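Every read-out reported here was derived from the displayed coordinates using simple, explicitly stated rules and does not represent laboratory data. These numbers come from a predicted model, not from an experiment. Cβ coordinates were reconstructed from backbone atoms using ideal geometry, including for glycine residues, and neighbour counts include every protein chain displayed.
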Amino acid sequence: MLEMRGITKRFPGVIACDDVSFEVYPGEVHTLLGENGAGKSTLMKIVYGLYRADEGEVFLNGEPLRITSPNQAISHGIGMIHQHFMLVPTLTVAENVALGLKSSRGALTDLDSVSARIVELGETYGLRVDPSTPVWQLSVGEQQRVEIIKALYRDAKLLILDEPTAVLTPQEVDQLFVTLRTLTAGGRGLIFISHKLHEVLSLSTRITVLRNGRVTGSIPVEGATRDSLAQMMVGRAVKFAPDGADAKPTDVALEIRGLRVLRDRGGEGVCGVDLDVRAGEIMGVAGVSGNGQMLLAETIAGLRTPTAGSIKIVGTEVVGMPPKGVRDAGLAYVPEERMKDGAIGDFTVSENILLIDHNDPRYLKHGMFDFEAIRKHAQRLVDEYTVKTPTLDTPVRNLSGGNIQKMIIARELSGTPEVLVVAQPTRGVDIGAAEYIHTRLIGQRDQATAILMISEDLDEIFGVSDRVAVMYEGQIMGIVDPNTATREQVGLMMAGVAQDEALSQPT
Ligand SMILES: Nc1ncnc2c1ncn2[C@@H]1O[C@H](COP(=O)(O)OP(=O)(O)OP(=O)(O)O)[C@@H](O)[C@H]1O
Ligand SMILES: [Mg+2]
């Protein structure tokens, strides 16, 4: 279906794609694998008409493909689901799907037929979603479905999915994969990008690995393993479970009592939470997204006011304090929505690293910024976390998705807070970086920080936590020891089964 020959794409200071050849056959899932900044999104944006290659050729069904816009890509039957959603939140599902379609009839009649077709596509491919719902009311999983429906509506034969699973729960991923298999069985070609190797192994027919813009190998999925793929990607063996000595927890540093928080859409989202996290331990919070974990984190950070309850950071009551006050009381916070809440795209890498530290005496000299010290600090973080950027003065919007994530994590973990609340610490980062972040979290723990780590990734929960609290419908279902509990038991608690009952299940 698709053949790319000798594709090269340069940006100032980087060669994003370097003489890349790549092809897709009908009915296959061809996965692109590679570290953050390896050039995966760039290569796909060339297919989709967003970027033009400096060198090389693209053929679609044997014909040279010369396009300069996504509209032209769509008219050739190419669809792309982006790393960051592109839907308009205030419009309904049907309006989003209809957006940009040429219509000959009146808008209203068109929307009815669009809705009917959405329902039909939803039934055929298991992508159920109500066409009349405004997009802002949908969960991320549902928004993902809308993106796919949008591509199918335009009759895409070749579908590019750039990290479609990064924000989905494990259940939503299973559902998505069923849909994707139906699509390829019908003869469509799929290009899949993900950093999660078990997903890659379960969905792909073929895997091509990129490193620094070059293809380092292209192999059928048969015979590939997590270890062999990691080796091809990173050029060395990767540890999937971090090792570290056992935790030596001391006093309670984060104390939560009777906490109640309302949701934006009405109703209570945190319904009476009591939780203690001690200095020197990592408390994992497992749960399907939307069960109150994010409300809990945002309330601790001072971004929301609870209707009842207390939160103490090393003895100081922080309920009612502004976020800055909570920070001063000893909290560091890595939010889930890092792209929205954690970085400013037009600012440079070193400016973004300075964002939280602008009052730090280390970076001030006679009341002015000490740019020399700032650059040193920024350079050290960029090196340690392998943030791939041409220079410290590059605007952050030019970095790859995973490298922006790494920059924010590096900034937030660079201090020695009393309490660290971190949501989805390795979402969107490559396996080498994930390994490093996990090691850093354990290192931070060993320097007596109390860590509350919210994650939907059970591998991460089991690999890093010293204790695991399971949240369901705004409540803590129980706290388990990850050394003795099983994934199945935690999975049951995540679905609302009581702790006693879940733990008595045979393993
Ligand atoms: N518009 C742009 N301007 C300048 N540089 C860019 C631009 N887009 C990408 N780059 C650079 O090209 C390289 C490849 O980026 P790309 O987004 O393709 O990586 P990726 O493999 O998709 O990574 P990730 O896993 O983090 O999403 C990176 O070094 C990035 O900084
Ligand atoms: Mg990318």
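The GluC sites (Glu not before Pro) of the stretch 147-250 that DSSP puts in a loop, and whose beta carbon has at most 15 other beta carbons within 10 Å, are Glu222. A cut-off of 5 Å between modelled amide H atoms, ignoring neighbours fewer than 5 places along the same chain, links Glu28 with Leu190.
Sequence-ordered 3J(HN,Hα) estimates for the stretch 3-9 from the Karplus curve with 6.51, -1.76 and 1.60 and θ = phi - 60° stand at 9, 10, 10, x, 7, 10, 9 Hz, glycine and proline given as x.
Loop-located trypsin sites (Lys or Arg not before Pro) in the stretch 1-59 (DSSP state other than H, G, I, E, B) with a sparse environment of at most 16 neighbouring Cβ atoms within 10 Å: Arg52. The stretch 218-271 has equivalent-ellipsoid semi-axes of 43, 24, 8 Å, by the square roots of 5 times the alpha carbon gyration tensor eigenvalues, sorted largest first.
Across q = 0.21 Å⁻¹, the stretch 388-507 modelled as identical point scatterers on its alpha-carbon atoms has Debye log10 I(q)/I(0) values of -1.16, in the order of the q list. Computed from backbone phi, the HN-Hα couplings of the stretch 155-167 come to 6, 5, 9, 10, 10, 9, 10, 8, 6, x, 9, 4, 10 Hz, rounded to whole numbers (Karplus: 6.51 cos²θ - 1.76 cosθ + 1.60, θ = phi - 60°; Gly and Pro given as x). Neighbours of Leu60 by Cβ distance under 13 Å: Lys/Arg scored +1, Asp/Glu scored -1, total -1. Along the Cα-to-Cβ line of Thr391, 7 Å from the Cα, sits a label point; which residues in the stretch 1-44 have backbone N less than 13 Å from it? Of the residues in the stretch 1-44, 12-14 have backbone N under 13 Å from the label point off Thr391.
For the stretch 2-234, the convex hull spanned by the alpha carbon atoms encloses 125 Å³ per residue. Rounded to the nearest 20 debye, the dipole size of the chain about its Cα centre is 1160 debye, using +1 on the Cβ of Lys and Arg and -1 on the Cβ of Asp and Glu. In this structure the amide hydrogen of Tyr51, modeled in the peptide plane, comes within under 5 Å of the amide hydrogens of Ile46, none closer than 5 places in sequence on its chain.
Relative to the longest principal axis of the C-alpha atoms of the chain, give the angle of the C-alpha long axis of helix 140-153, reported between 0 and 90° and rounded to the nearest 10°. Orientation of helix 140-153: about 0 degrees from the principal axis. Subtracting the Cα-Cα distance of Ser132 and Glu222 from their residue separation scaled by 0.36 nm leaves 28.1 nm.
Spatial offset of the stretch 71-94 relative to the stretch 470-497 amounts to 37 Å, using the alpha carbon center of each. Backbone phi angles across the stretch 255-263, fed through the Karplus curve with coefficients 6.51, -1.76 and 1.60 (θ = phi - 60°), yield HN-Hα couplings of 10, 10, 9, x, 7, 10, 9, 8, 7 Hz in residue order; Gly and Pro are listed as x.
Cα centroid distance between the stretch 116-177 and the stretch 313-355, in Å? The stretch 116-177 and the stretch 313-355 have Cα centres separated by 33 Å.
In a DSSP loop and with at most 16 other Cβ atoms within 10 Å, the GluC sites (Glu not before Pro) in the stretch 438-507 are Glu473.
The Cα atoms of the chain define a convex hull whose projected area, averaged across directions, is 25.3 nm².
The long axis of helix 371-384 is offset from the longest Cα principal axis of the chain by roughly 70 degrees. Between amide H atoms placed 1.01 Å from N, distances below 5 Å from Met80 occur with Ile160, all of them 5 or more places distant or on a separate chain. Radius of gyration (Cα atoms) of the stretch 139-219, expressed as a multiple of 2.2 N^0.38 Å: 1.12.
The Cα center of the stretch 28-68 and the Cα center of the stretch 222-265 differ in position by 33 Å.
Taking each DSSP H run with n ≥ 4 as -39500 (n - 2.57) and averaging over every residue of the chain yields -10000 deg cm²/dmol at 222 nm.
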